[in-house]
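Shown next, in structure tokens, is the structure this report addresses.
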Amino acid sequence: MSREAKEISSAPITPRPSSPSRATGAPPVSCPPSQFHSPSLSRSPLLNGEGAEGGGAARPRKAPKTPVRTPRMSLTPRFITPLGSPIRKALRATKLDPQDAWLPITESRNGNKYYAAFHTLCSGIGIQALVLPYAFTTLGWSWGVICLTLAFIWQLYTLWILVQLHESVETGVRYSRYLQLFSLTFGEKLTKLLATFPIMYLSAGTCSTLIIIGASTARNLTQIICGTECSRELTTVEWYLVVTCAAVVLSQLPNLNSIAGVSLIGAITAVGYCTIIWVVSVDKGRLPGVSYNPVMGGNDVEHMFKVFNALGLIAFAFRGHNLILEIQATMPSNEKHPSHVPMWKGVQGSYTLISACLFPIAIGGYWAYGHMIPSDGMLTALFMFHSQDVSEFVLGTTCVFVIVNALSSFQIYGMPMFDDIESQFTRRFKKPLPWWLRAVNRVVFGFICFFVAVAIPFLSSLAGLIGGISLPITLAFPCFMWLKIKKPKMYGPNWWINGALGVLGMVLSVILVASSIYVIIDTGIEISFFNPK
């Protein structure tokens, strides 16, 4: 029995009806020689005997006294027309690369829609959502709400594209990683030029940022709990080290499916602190002297750059597209139950909750603080304006939720890096990574992120710039990959929509990067290499 037969157990063997040729002992009917190598018939059970094996014309032979059953090459139904070919391609899409069983993203494929929702929610919402009200200070009420709504719909559409492209009937492959899909679509050169750095940053860079956020929040928590009674406060670097050690311990969970519980906790805490912050801010009312007039620049050029920087902040609020294919790769799939069905259900559930967090934060935060919102976002505003009139329990709970979410998000964003590191070993030595070497690799990665966090502690201040760099991953590349793989009718509605969105995404990316650099130079940020505060 072939490997396909072992891997695909959901397709029952269809019994072959008895035919007149079997009853009478007449020679079997063979297909024309020209069809022996046809893609639609190359694996057909009709192609038996020497003619099928040799690829030439079928030679008449004496019929046996008893019918001989031709060995099946797979457990797929015995279709008698070329219509069976697309179904066979869909079945082959469930085949695994031998190395996939050794790598942390794909070694376990027993995920479901609930796991997908946990992972998507944990990776799709985070501390970056708290800067949305600051983007409104430049855009104002109307344009702020319009841009946030359009960005949400756009990125939800590209999410749908990625979910659909995970399994390709045309190539018979499951694309389990974003870089793999991009590389097979556009080639290695464009992958290295356009996709590798943004995706690697969205993994390793996000992990470093999470260490910074978790450490600074943990320091605030100790001040809330101890006040002035703490005998000795840890320094910022020491808090970085504490958070890194906790993240490294959690990172020893072997694969993406094994951290489903961690992602669930991360999702609950993310929704929790987002809800607490906007509810408290709205409950305390607007600050005295709040203004909702858009903050204008000194001249038209400066104002235009600030507008684009605000758009970059909105783009940065939507993350996790670089993990969608990896999350879907944890699910089983066959022709009756393709993985895109439960995956899309999980995405719909998670993004319903994400929208219930992002829009209240943006609208409620801007209503409460207006132009007074600090550039660091709502968490800083909560402590800046309400540290005296909000209970320590609420402030402490918010801090705990932020810390736990940072540690949980570290796991799912670090998993693609763990997978890439281990793939280098498996490709070279043709065997899985030993458990002790896997543990060492993850410890090393964690402390590399710790070093980056200490060396560049202002990394979280570059949200607009990073949003512009990573925007094509979210909004542009999926549209181009859809055009390249699905090949919709040229100049048709599908072709125009995806082409226009892809081009617009790339143009916006260039403009956002340029405007973010201008704003950073114009307003300045506190640059302090190896001097975290």
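Readers should treat all values here as calculations from the given coordinates under stated rules, not as data from a laboratory. This is a predicted model, so every value here is computed, not measured. Here Cβ is always computed from backbone atoms with ideal geometry, including for glycine, and neighbour counts include all displayed protein chains.
Pairs K113/K189; K336/K486; K306/K489; K192/K430; K113/K192: which exceed 30 Å Cα-Cα? Don't skip to the answer; put the middle values down first.
Working: K113/K189 35 Å; K336/K486 21 Å; K306/K489 39 Å; K192/K430 25 Å; K113/K192 32 Å.
Where the Cα-Cα span goes over 30 Å, the pairs concerned are K113/K189; K306/K489; K113/K192.
Give me the net charge of C479's neighbourhood, meaning all other residues with Cβ under 15 Å from the Cβ of C479; Lys, Arg count +1, Asp, Glu -1. Intermediate values should be presented prior to the final figure.
On the way: positive: K484, K486, K487; negative: none.
That works out to +3.
So what J values fall out for region 407-418 if you push phi through Karplus, 6.51 cos²θ - 1.76 cosθ + 1.60 with θ = phi - 60°, rounded to Hz, Gly and Pro as x?
5, 5, 5, 4, 5, 6, 7, x, 4, x, 5, 4
Working from the pairwise distances between different alpha carbons, so that the mean of 1/r is found and then inverted, what is region 161-205's Kirkwood radius in Å? Spell out each step's value before the answer.
Values: mean 1/r = 0.0894 Å⁻¹.
With all distinct Cα pairs of region 161-205 included, I get 11.2 Å.
Tell me, what HN-Hα J-couplings in whole Hz come from the Karplus equation 6.51 cos²θ - 1.76 cosθ + 1.60 at θ = phi - 60° for each residue of region 433-445, using x for Gly and Pro?
Rounded to whole hertz, the list is 5, x, 4, 6, 6, 4, 5, 5, 4, 6, 5, 4, 4.
What net charge do the residues around A195 carry, taking every other residue with its C-beta under 12 Å from that of A195, with Lys and Arg at +1 and Asp and Glu at -1? Each step should come with its number before you reach the end.
Working: positive: R177, K189, K192; negative: E188.
Residues close to A195 contribute a combined charge of +2.
Given the peptides 303-312, 108-117, arrange them by the average over their residues of other C-beta atoms within 10 Å, most packed first. Each step should come with its number before you reach the end.
Values: 303-312: 22.6, 108-117: 19.4.
Descending packing order for the listed peptides: 303-312, 108-117.
For region 99-174 and region 238-288, what is the centre-to-centre distance using only Cα atoms, to the nearest Å?
The distance from the Cα centre of region 99-174 to that of region 238-288 comes to 18 Å.
If you average 1/r over all unlike Cα pairs in region 373-513 and invert the result, what Kirkwood radius do you get in angstrom? Walk me through the numbers before you get to the answer.
Working: mean 1/r = 0.0510 Å⁻¹.
Roughly 19.6 Å, rounded to one decimal.
Restricting the calculation to Cα positions, tell me the Rg (one decimal) and the Dmax (whole number) of region 105-523 in Å.
21.3, 71
Which far-off residues, 5 or more places away or on another chain, put their amide H under 5 Å from the one on V173, with H placed in the peptide plane?
S168
Output wanted: per-residue J couplings in Hz (rounded whole) for region 331-340, from phi through Karplus 6.51 cos²θ - 1.76 cosθ + 1.60, θ = phi - 60°, x for Gly and Pro.
Calculated HN-Hα couplings, in order: 9, x, 7, 8, 5, 8, 10, x, 5, 5 Hz.
Less than 15 Å Cβ to Cβ from W495, Lys/Arg counted +1 and Asp/Glu -1: what total charge do the surrounding residues give?
+4
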